[in-house]
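Working notes, beginning with the structure itself.
The values are calculated or read from the model by the stated rules, or taken from the named source; none is laboratory data. Keep in mind that this is a model prediction, so the values were computed, not measured. Don't worry about glycine lacking a Cβ; one is built from the backbone with ideal geometry, like all the others, and counts go over all protein chains shown.
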């Protein structure tokens, strides 16, 4: 049992870690979230190892993130400015990444989970509903509300400044 779980963790941690980061927007919280989900998975490994353990871990992460958010409402905090490095200019990519993270932080945990599942994990509405333990209609509603909120609050993602100035 332990060997198969260790193999699963070794092979799937990078992808699961990326998903955890998208859910939390913070590297340390993402590590905590993934560890919590993996601990829960290990306790039930015998039951879930024959099925789809990765889906179980993802579902545990989504539910744990919502639970954490309910307990401690996130407060805004200032991020340090990226340090300048010599070499290639990655400022546009960095600005885009920071805009995406800020936009995701503006969503509710359920909306964020739907966006991550649908557009990052590339799951169908039915698959996302199964992972979240809700109906397809709920996934559609949260997805619609999230996209509406992103369009209203993240103008740089919808209409980049370079495009605005050429009009």
Qualifying residue in segment 123-131 (condition: exposed (fewer than 15 other Cβ atoms within 10 Å of the Cβ), at pLDDT 90 or above and closer than 29 Å to residue 40 by Cα): yes
Selection count, segment 96-138, where residues are over 17 Å from residue 23 (Cβ atoms) and outside any helix (DSSP H, G or I): 2
Those helices (runs of 4 or more DSSP H) lying entirely in segment 1-74 with at least 3 residues touching a residue at least 12 places away in the same chain (Cβ under 8 Å): 2-24, 27-43, 53-71
